[in-house]
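Below is one structure; the comments refer to it alone.
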Amino acid sequence: MDFFGHLRTINHHKMLVTKTCFQVGLYLQGICHDLSKYHPMEFIPGGIYYQGDRSPISREKELKQCSEGWLHHKGRNPHHFEYWIDYSAQTRTLVGMKMPKKYVAEMVIDRICACKNYMKENYKDSSALDYYMKGRSVMLIHEESDYLAVYLLTMLAKEGEEALLSYMRHRLLKHRNRDYHVIKGRLVLD
């Protein structure tokens, strides 16, 4: 149990995400990112299961098969693809709904900053893509949102963070009300 270690970790993560969101013009999202982590429902288990080198949620799930803190967190933070899972009347199953591009961008930034936070000096520009791809097979995420996330994380791995953030700010997020689509295996920005 390390409540102060957990507090330092979430504060550092929040600072990294806020700074990076500001770099791409997502000011409100940067300020509001992960505020629910300070709620007792999330903070207390985070301190109990804190390990310092990975999310305490992972440890809690290993021990209890469920994390009430995670259920609380994903339901309040639209940058998590799990927030966008809903029942489809057409298929009568749970499906991933298409995420707005600003939340896909924040999801990618969140993944980058989490990798930096936990991996420290072992972080590489390919780390976030590697982590995403390891869990991709069990993600219930909309195919276009998944494509955009992989597109952005691949850009990071191949071209570096500066190129990715420039692309996000000047292309992806330039026109906030325009959408993105995947047509014939290619990303198209309206």
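The values are calculated or read from the model by the stated rules, or taken from the named source; none is laboratory data. In this text the structure is predicted, and so the values were computed from the model without any measurement. Methodologically, a virtual Cβ is constructed for each residue, glycine included, from the backbone with ideal geometry; neighbour enumeration extends over all protein chains shown. For accessibility, only protein heavy atoms count, side chains too; no ligands or nucleic acids. Shrake-Rupley method; radii C 1.70, N 1.55, O 1.52, S 1.80 Å.
When 14, 61 are checked against the criterion of being among the charged types (D, E, K, R), touching an Asp or Glu at 6+ places or on another chain (Cβ under 9 Å), part of a helix (DSSP H, G or I) and free of Cβ contacts under 8 Å to residues at least 40 places away in the same chain, 14 stands alone in meeting it. The conditions of being in a helix (DSSP H, G or I), in contact with a helix residue (DSSP H, G or I) (Cβ under 7 Å, 6 or more places away or on another chain) and open to solvent by less than 40 Å² (accessible area, probe 1.4 Å) are not met by residue 187. Scanning the stretch 133-173 for residues that are within 16 Å of residue 100 (Cβ to Cβ), among the small types (Gly, Ala, Ser) and more than 13 Å from the chain's Cα centre (by Cα) returns no hits.
Quick check, is residue 106 modelled with pLDDT of 95 or more, under 22 Å from residue 16 (Cβ atoms) and either of a type in the set (Gly, Ala, Ser) or more than 16 Å from the chain's Cα centre (by Cα) (or both)?
No: the conditions fail for residue 106.
Within the stretch 159-184, the set of residues being in contact with a strand residue (DSSP E or B) (Cβ under 9 Å, 6 or more places away or on another chain), surrounded by 13 or more Cβ atoms within 10 Å (Cβ to Cβ) and farther than 19 Å from residue 27 by Cβ comprises 180, 181, 182.
Could you check how many residues of the stretch 26-55 are touching a residue at least 24 places away in the same chain (Cβ under 8 Å) and open to solvent by less than 10 Å² (accessible area, probe 1.4 Å)? Within the stretch 26-55, residues that are touching a residue at least 24 places away in the same chain (Cβ under 8 Å) and open to solvent by less than 10 Å² (accessible area, probe 1.4 Å) number 5.
When the stretch 47-58 is filtered for residues that are of a type in the set (Ser, Thr, Tyr) and assigned to a helix (DSSP H, G or I), only 58 remains. Candidates are the residues of the stretch 84-99 that are under 23 Å from residue 26 (Cβ atoms) and either more than 16 Å from the chain's Cα centre (by Cα) or free of Cβ contacts under 8 Å to residues at least 60 places away in the same chain (or both); the one that is surrounded by the most Cβ atoms within 10 Å (Cβ to Cβ) is 99.
Take the conditions (1) over 23 Å from residue 19 (Cβ atoms); (2) open to solvent by 40 Å² or more (accessible area, probe 1.4 Å); (3) among the acidic types (Asp, Glu); residue 146 misses just one of them, which is (2). Residue check: is residue 23 at pLDDT 95 or above, out of contact with any Lys or Arg (no Cβ under 6 Å at 6 or more places or on another chain), surrounded by fewer than 20 Cβ atoms within 10 Å (Cβ to Cβ) and assigned to a helix (DSSP H, G or I)? It is true that residue 23 is at pLDDT 95 or above, out of contact with any Lys or Arg (no Cβ under 6 Å at 6 or more places or on another chain), surrounded by fewer than 20 Cβ atoms within 10 Å (Cβ to Cβ) and assigned to a helix (DSSP H, G or I).
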